Protein chains: 2
Amino acid sequence: MLEKVIELIDEKKFPALKEELKEMRAVDIAEIFEELDVKNCIIIFRLLPKDFAADVFAYLSSQQRKDIVSSIHESHLNDIVDELYFDDMIDFLEEMPANVVKRILVTATDEERKLINQFLNYPENSAGSLMTIEYVDLKKEMTIKEALNHIKKTGVDKETIYTSYVLNEKRKLEGIISLRKLVLLDEHLLISDVMNEDYITSTTLDDQEEVAQLFKKYDLLTVPVVDKEGRLVGIITIDDIVDVIERENTEDFQKMAAMAPTDEEYLSSSVFSLARKRIVWLLILMITATFTEMIIASFESVLAAVAVLAASIPMLMNTAGNAGSQSSTLIIRGIALGEVQLTDYLKVFSKELRVSMVVGIPLATVNFIRMAVLGNELSIAFTVSLTLLLATMMAKMVGGILPIIAKKMKLDPAIMAGPLITTIVDVLSLLVYFNIASVLIKL
Amino acid sequence: MLEKVIELIDEKKFPALKEELKEMRAVDIAEIFEELDVKNCIIIFRLLPKDFAADVFAYLSSQQRKDIVSSIHESHLNDIVDELYFDDMIDFLEEMPANVVKRILVTATDEERKLINQFLNYPENSAGSLMTIEYVDLKKEMTIKEALNHIKKTGVDKETIYTSYVLNEKRKLEGIISLRKLVLLDEHLLISDVMNEDYITSTTLDDQEEVAQLFKKYDLLTVPVVDKEGRLVGIITIDDIVDVIERENTEDFQKMAAMAPTDEEYLSSSVFSLARKRIVWLLILMITATFTEMIIASFESVLAAVAVLAASIPMLMNTAGNAGSQSSTLIIRGIALGEVQLTDYLKVFSKELRVSMVVGIPLATVNFIRMAVLGNELSIAFTVSLTLLLATMMAKMVGGILPIIAKKMKLDPAIMAGPLITTIVDVLSLLVYFNIASVLIKL
């Protein structure tokens, strides 16, 4: 597709290009934009019918939108904005500079402006920031037939018609009903008799992660968002929730690798933006390593007497670090998916204690054999292997419990991942190592 | 809810319990089962109407299903199985012992049995293993009115009626049409004139991760699955894809923390099953550490001359390991989300090179000051800091490139995460460290 489009642009065959574009999907055109320079993107964008242009616009990156806004005519921009779904328009307004927002709001009615301002004020990552207002509302006095006629009349501009919301005169939500029921049930029935009154809702300030949990648990396609008075203010659809799930997972991956989380894609991030996200934790963890230095320095006499002890430090610390990361990763993920609760800390502790013995004893045994085969003195091989067992056990218990403690302290459990656990476990392992060495090797 | 249910069971108020259960959601009852012993679960299960019992059954864990199967009457079991959606029934049959499967298949017709066997044979994690057969099929000669009547007649047993599939007499897929269009468009139009002929499909052997990418990219609610001849064999719905996305993410977290991936929940896994998933990588990585030992041992004379060099080994290796994990995590995630392509390796390499300098220089500077303040000799502080800079740079380039190489070699990029990168980077860092030390400290 890309080659065809480039060819048509190069040959300036714009009518043919226009036809070609009509056959394509909005998201695929947005993907082509990533490969073209700004000038060509704008040529393509101008050729699109305005409703389709709005669809493409909703898929573009912040920078691409800014490029387009700065080069298309104001009336054309207003047409595009009019065609956007409300949630996409809010996302767009949020990223534009104030003067562009002002220019767009000029054409809005007072009521629209009030609504836009209300939506712009919902905190990032809240249910309010995800919702849209294009839903179907019904009255409970309607029959199914009347409801279907109402949907036929108003449905074309709605983000979804698969769930309708039954509101009273004060816009308080009284029930929801699926299009499935409306189509399958007898058309003479009253909405009040068939609507579902025991539905799941969220409120504007709920965290998006909690909302995603509701979708996952109850297999929902949409969730209504209500205000404190129970009035319907918007709906959230599954396509936005799929994006939330992936974003939250990406953030967890980033935090667990000791980075500040970001929404930016890797390839479109600048070097300085990437570096800024990484350096803080690297600095903190590096400075924390002062403790390991102090411990090694204070046991300098032990090391000087048995220099070969130094050789095993990296192996001991890596193995303990890996063992701790395994445990903390499982617990962090379990908490994120709601499988591990705060009250499970005793279960986690005793499980990790047992797992760490089952894992640690073979590890220590293999290590003893390995070191003996390599010609180390048996007392040294034993010292290292015993430390390995104890360090693995400590690492797994620390790795299992710290994420739960973090959650308890209202911190994000994901920060208790590999890098931090490793640093903590290093200190513990070294203390164990040198103390065992002092006793066993009789210095 | 749980307290109420337990109270009613304890007081043997079964009619009241039955009423209470009717008001609840299937997934909530399944959650209550987790807190009760087998005996009480079976009491509750027997009180449920059979279609609702099937809903609850679909949410239960493999063990809970086995407990129930072994204690309910065969005819009751057959009723439940009949009520399950086809995809849930296949999942259930897959986990049951052969004799149970046989008992259930006895009541199936020849045609059903053939279909069940076909579905049981789709590989795990394939599109075939996710799909269900309860879809609405239409003919292109129908009018919209006829299509809606057909849906009214057959829709009640379908997993979704929001997309219908237009099939020819050989069951070849010719088009799809949404219920949205059927409801909104004029009822006299022909399906052939309004159906979408440019739709996304997947095939039975597609990997579930690729199918999930299609849902995410095109914001789909369902995807049709066709065989090699283009015949429709089933459909996949978004609720199952949401589960796939979370499962694939969980697997990536596990692999990236050097564990064998598993579907089992942490708390319901046995100690030995958890230990088995963890020990293989721990052993491999421990044995690989033999290289670091050999390097340290071969530089024993350097260490003996300047014993304080040993003290910085953990800090150097942790920082380099963390720096490498950051890069590999971003690239692994970028590949998983389709944001980083194999052809981007030069971009990644040059970006990591620049980021690593921007990150490494301040890190090295802070470390130099830190070590000087702590009273180290400046030549030693300089040796450690220069190594820190070079190790960080190597770590970030190795961490950035290895996941791409893994993908290129058709391996899972997720194995190139922190633990493996750390082990590789340890060897490189130690070599750099001792060589710089030998030169700079003039041994």
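The values are calculated or read from the model by the stated rules, or taken from the named source; none is laboratory data. Keep in mind it's a predicted model, so treat the numbers as computed, not measured. We place every Cβ from the backbone using ideal geometry, glycine too, and count neighbours over all the protein chains shown.
A few notes on this one:
- Any hit, the range B:118-140, residues being of a type outside the set (A, V, I, L, M) and more than 26 Å from residue B:240 (Cβ to Cβ): yes
- Test result for residue B:337, under 30 Å from residue B:252 (Cα atoms), surrounded by fewer than 24 Cβ atoms within 10 Å (Cβ to Cβ) and at pLDDT below 85: yes
- Residue B:263 vs. criteria under 20 Å from residue B:115 (Cβ atoms) and charged (D, E, K, R): no
- Taken over the range B:146-167, the criterion of being among the basic types (Lys, Arg) and at the interface with chain A (Cβ under 7 Å from one of its Cβ atoms) is satisfied by B:152 alone.
- The requirement of being under 30 Å from the mean Cα position of the chain (by Cα) and in contact (Cβ under 8 Å) with a residue 40 or more places away in the chain is satisfied by residue A:208.
- Taking the numbered list (1) closer than 14 Å to residue A:332 by Cβ; (2) surrounded by fewer than 22 Cβ atoms within 10 Å (Cβ to Cβ) in turn, residue A:421 passes all entries but (2).
- Test: residue in the range A:169-179 that is within 29 Å of residue B:241 (Cβ to Cβ), within 14 Å of another protein chain (Cβ to nearest Cβ) and part of a helix (DSSP H, G or I): yes
- Some residue of the range B:406-421 being aliphatic (A, V, I, L, M) and modelled with pLDDT of 90 or more: no
- Residues (within 24 Å of residue B:196 (Cβ to Cβ), touching a Phe, Trp or Tyr at 6+ places or on another chain (Cβ under 9 Å) and either surrounded by fewer than 16 Cβ atoms within 10 Å (Cβ to Cβ) or not charged (D, E, K, R) (or both)) located in the range A:6-27: A:21, A:22, A:26, A:27
- Each residue in the range A:365-382 was checked for being part of a helix (DSSP H, G or I), of a type in the set (A, V, I, L, M) and facing chain B (nearest Cβ under 10 Å), and 2 pass.
- Residue in the range B:334-350 that is within 8 Å of chain A (Cβ to nearest Cβ) and touching a residue at least 60 places away in the same chain (Cβ under 8 Å) present: yes
- Looking at B:229, B:246, B:265, just one residue is at pLDDT below 90 and touching a Leu at 6+ places or on another chain (Cβ under 7 Å), and that residue is B:246.
- Lone qualifier among B:295, B:245, B:287, B:279 - being in a helix (DSSP H, G or I), among the hydrophobic types (A, V, I, L, M, F, W, C) and in contact (Cβ under 8 Å) with a residue 60 or more places away in the chain: B:295
- Qualifying residue in the range A:161-168 (condition: part of a loop (DSSP other than H, G, I, E, B) and without any contact (Cβ under 8 Å) to a residue 24 or more places away in the chain): no
- Residues that are more than 7 Å from chain A (Cβ to nearest Cβ) and over 18 Å from residue A:399 (Cβ atoms) were ranked within the range B:245-260; the one that is farthest from the chain's Cα centre (by Cα) is B:252.
- Condition check for residue B:304: assigned to a helix (DSSP H, G or I), free of Cβ contacts under 8 Å to residues at least 60 places away in the same chain and within 7 Å of chain A (Cβ to nearest Cβ): yes
- In the range A:227-244, the residues that are in contact with a Gly (Cβ under 9 Å, 6 or more places away or on another chain) and either at the interface with chain B (Cβ under 9 Å from one of its Cβ atoms) or β-branched (Val, Ile, Thr) (or both): A:233
- Check on residue A:349, surrounded by fewer than 22 Cβ atoms within 10 Å (Cβ to Cβ) and outside the structural domain of residue A:427 (by TED's automatic domain parsing): no
- Considering (1) in a loop (DSSP other than H, G, I, E, B); (2) without any contact (Cβ under 8 Å) to a residue 24 or more places away in the chain; (3) of a type in the set (Gly, Ala, Ser), the lone condition that residue B:71 does not fulfil carries the number (2).
- Considering A:325, A:312, the condition of being assigned to a helix (DSSP H, G or I), under 26 Å from residue B:248 (Cβ atoms) and at the interface with another protein chain (Cβ under 7 Å from one of its Cβ atoms) is satisfied by A:325 alone.
- The set of residues in the range A:202-213 that are out of contact with any Asp or Glu (no Cβ under 9 Å at 6 or more places or on another chain) and within 14 Å of another protein chain (Cβ to nearest Cβ) comprises A:211, A:213.
- Residue count for the range B:196-237 under the criterion of being part of a helix (DSSP H, G or I), crowded, with 22+ Cβ neighbours inside 10 Å and of a type in the set (A, V, I, L, M, F, W, C): the result is 3.
- Residue B:287 being in contact with a helix residue (DSSP H, G or I) (Cβ under 7 Å, 6 or more places away or on another chain) and at the interface with chain A (Cβ under 9 Å from one of its Cβ atoms): yes
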